[in-house]
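Have a look at the structure below before the remarks.
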Amino acid sequence: MTQTSKMSPYLPGNTDPGFLNLIEVYRGADIEFPQLKAMTLAQWALESGWGLSDLAMKNNNFAGMKWRKGMQPFGWAVTYKDWQGKVDPYVHFRDKAAFISGYWARFDIVSAYPNWRKHVHSGDAFIDYIGPIWVGMSPTHNEKYVKDIKRLCRNRLEPLLKT
């Protein structure tokens, strides 16, 4: 049985192959907070539409990350029009491993996440803290964003990572 076929019961049928590859790279990645892998994958699935967004497919950017100067070790700036039609510089990551490293580095680079490390004891605590800052919309939208990520995590990504 292939790794992809093991994943299929948990993923939408139209999941982009690049997202499948991201899952495999992340499974093998040595990160500081491995207990957050399922929750962060759920965030990336939501942000990228399971890897189907142009930003994900063309730029290895599965989280809608805008360019910041501190991201140079991981990639470079590209101009991108977001879902609202706004054009901004976003990160083009060299590869999936650079995306993963850049995602985690972002919390120390962007000042909007002070004390984020105090919220890493569980996936819920982490996304409850970073989610509303990440999406930065109305309280109602922020709450829905966090709830959707938790649902994806519980229903799809936690079972997937156990296979």
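We did not get these values from a lab; they are worked out from the coordinates using the rules stated. No experiment lies behind these values; they were computed from the predicted model shown. Using ideal geometry, Cβ is built from the backbone for each residue, glycine included, and neighbour counts are taken over all protein chains shown.
Over the stretch 30-162, what is the relative contact order in percent, taking alpha-carbon pairs closer than 8 angstrom and at least six residues apart?
Relative contact order of the stretch 30-162: 27 percent.
If I stretch the segment between Thr79 and Ile133 completely, what's the gain in nm (0.36 nm per residue apart, minus their alpha carbon distance), one decimal?
Between Thr79 and Ile133, full extension yields an extra 17.2 nm.
Which links in Lys69/Lys147; Lys81/Lys162; Lys118/Lys147; Lys37/Lys69; Lys81/Lys144 stretch past 29 Å when you go from one Cα to the other?
Lys69/Lys147; Lys81/Lys162
Assuming R0 = 25 Å, what is the FRET efficiency of Tyr113 and His141, from their Cβ-Cβ distance, to the nearest 0.05?
0.85
Rounded to the nearest 500, what is the 222 nm mean residue ellipticity of the chain from helices alone, with -39500 (n - 2.57) per DSSP H run of 4+ residues and division by all residues?
-14500 deg cm²/dmol
Taking the chain, how much of its Cα-Cα pair set, in percent, is spaced more than 19 angstrom apart?
54 percent
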